[in-house]
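The values are calculated or read from the model by the stated rules, or taken from the named source; none is laboratory data. Keep in mind that what you see is a predicted model, and the values were worked out from it rather than measured. All Cβ positions, even for glycine, are placed from backbone atoms using ideal geometry, and neighbour counts span all protein chains on display.
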């Protein structure tokens, strides 16, 4: 029996100011229905008016962190995808603002496999960030240098202790109607 595809039939919004990146995402995610936007304004309008199962947001060029806030507010899980903003600060900002993952564009060729695994974890209530660091932890260590977490030790200590990304999860829960209906 084949495993369930978490991408098949999903409606995904991909936002990047580089059209070749968007074309690649559309090609790679051929099981999903992918809408695209190349700028903040059109992406924001799509987030506000559309119904998406996932948003893939570039950080640079399209104000991706602001779009992340809008996606979280609309209860759209969001994955940050970046090349130029690949640094510990934008990684932590993505976590704090509620992204479910932060992917370097270098991993674009594996996007479908990574998203399958991340969406499976998310759907099953497992922390996608734990999976992400199991898959890409070595990449971050090489890119950011050894001991990169030491600069923000308290943040990463709490993160490592629980893998429950405090404010990010709280932010998503504030917009989760199931949780709100329970009065939590």
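Within 16 Å of the chain's Cα centre (by Cα) and either modelled with pLDDT under 85 or farther than 21 Å from residue 75 by Cβ (or both) - does that describe any residue in region 139-147?
yes
Residue under question is residue 153, and the condition is that it be at pLDDT below 90, touching a helix residue (DSSP H, G or I) at 6+ places or on another chain (Cβ under 8 Å), over 30 Å from residue 8 (Cα atoms) and in a helix (DSSP H, G or I); does it hold?
Details: at pLDDT below 90: yes; touching a helix residue (DSSP H, G or I) at 6+ places or on another chain (Cβ under 8 Å): no; over 30 Å from residue 8 (Cα atoms): yes; in a helix (DSSP H, G or I): yes.
So residue 153 fails the test.
Can you name the number of the only condition in (1) part of a helix (DSSP H, G or I); (2) over 13 Å from the mean Cα position of the chain (by Cα); (3) touching a residue at least 40 places away in the same chain (Cβ under 8 Å) that residue 106 fails?
(3)
Filter region 5-29 down to the residues that are free of Cβ contacts under 8 Å to residues at least 24 places away in the same chain and loosely packed, with under 15 Cβ neighbours inside 10 Å, then identify the one that is farthest from residue 62 (Cα to Cα). Even if it seems obvious, please write down each step before you answer.
Applying the first criterion (free of Cβ contacts under 8 Å to residues at least 24 places away in the same chain) to region 5-29 yields 19-20, 22-23, 26-27.
Applying the additional criterion that residues be loosely packed, with under 15 Cβ neighbours inside 10 Å yields 19-20, 23, 27.
Numbers: 19: 12, 20: 15, 23: 16, 27: 21 Å.
Only one residue tops the list, namely 27.
For region 70-86, give me each residue that is surrounded by fewer than 17 Cβ atoms within 10 Å (Cβ to Cβ), in contact with a helix residue (DSSP H, G or I) (Cβ under 7 Å, 6 or more places away or on another chain) and modelled with pLDDT of 90 or more.
74
Among the listed residues 99, 71, which satisfies the condition of being free of Cβ contacts under 8 Å to residues at least 60 places away in the same chain and closer than 20 Å to residue 25 by Cα?
Answer to the check: 71.
Filter region 12-55 down to the residues that are out of contact with any helix residue (DSSP H, G or I) (no Cβ under 9 Å at 6 or more places or on another chain) and farther than 21 Å from residue 105 by Cα, then identify the one that is modelled with the lowest pLDDT.
Among those residues, the one meeting the criterion is 50.
Return yes or no: is residue 135 under 11 Å from residue 57 (Cβ atoms) and crowded, with 17+ Cβ neighbours inside 10 Å?
The answer is no for residue 135.
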